[in-house]
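The values are calculated or read from the model by the stated rules, or taken from the named source; none is laboratory data. The structure displayed is predicted, hence computed values, not measured ones. So basically every Cβ, Gly included, is an ideal-geometry build from the backbone, and we count neighbours across all protein chains shown. In case anyone asks, the SASA skips ligands and DNA or RNA and just uses the protein heavy atoms, side chains included. Shrake-Rupley method; radii C 1.70, N 1.55, O 1.52, S 1.80 Å.
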Amino acid sequence: MALASTGATLNAEVIARNHEKGSLTLELDTGERAVLPSGRMLGKTQQDRWERFERLTDGTEIRVLVIAQREDRNFRPWFIVSERLDDDVEMPEGEGSDSAETEPSVSHSQREELLRLFPVGKRVTGKVLGRRNGAIAVRLGTVVALLPLALIGSAKESSFHSGVNVKATVHEVGASGVVLSRIG
């Protein structure tokens, strides 16, 4: 099971460089490996990103956003990350999927921390990342919360596309993490 999750913002250290592809291999602060493609590096132009690639040498620490998760041939997780912390995130099942096999699970200590940060009834604003398990995934800082389609109120489902900011209320914090509601 992966420690890092899609949508999380983490610290990472450069551990290898691929000059052919212009990408970096990173070790996330969770101890897992990630790839930072040149197109996801900071910089407005390709030249800016190439100069950034040259400056990011082994041992350099940076802050990244986990935008996708993949598995290698041995089914070990690895991640694709971006230095642009507002980048679009690829949810594990893809847009519109209702697969339950990647349902998130939080430990008791993680749940206690989530309850402290997101008490039931708290009003929050987050950025829509995509669809996940019959819900809309919403980034609240470094946490990905779920807004079940049954709890979107009178809003149209189609209005919750990636990148849109959404206001909601914390409905519950359970084994799957933070659940939001737009009802009531």
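Any chance you could run the full-extension gain for Ser109 through Asp87? It's 0.36 nm times the residue separation minus the Cα-Cα distance, nm to one decimal.
5.0 nm
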Exercise. Among Leu146, Ala68, Val164, pick out the residue whose Cα is farthest towards the positive end of the charge dipole of the chain, where Lys and Arg carry +1 and Asp and Glu carry -1 on C-beta, about the Cα centre.
Key: Val164
Quiz prompt | Inter-label distance, nm, simple model (7 Å from Cα along the C-beta direction), Val120/Arg55 | solution = 4.8 nm
Exercise. Pull up the cross-link candidates among the lysines for Lys122, meaning alpha carbon to alpha carbon under 30 Å and not fewer than 8 places away within one chain.
Key: Lys156, Lys167
Exercise. Pop a pseudo-label 7 angstrom from the Cα along the beta-carbon direction at both Gln47 and Ala155 and give the gap in nm to one decimal.
Key: 4.2 nm
Quiz item: On a 0 to 90 degree scale, rounded to 10, what angle separates helix 46-55 from the longest Cα axis of the chain?
Solution: 70 degrees
Quiz item: Which residues in the range 41-83 place their backbone N less than 15 Å from a point set 7 Å from the Cα of Glu13 along the Cα-to-Cβ direction?
Solution: 57-63
Exercise. Quick one: angle between helix 108-117 and the longest Cα principal axis of the chain, in degrees between 0 and 90, rounded to 10, please.
Key: 80 degrees
Quiz prompt | Accessible area of the chain belonging to carbon and sulfur atoms, whole % at 1.4 Å probe | solution = 49 percent
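How long is the gain from Arg73 to Glu20 if the chain were fully straight, where each residue apart is worth 0.36 nm and the alpha carbon distance is subtracted?
Between Arg73 and Glu20, full extension yields 16.9 nm more.
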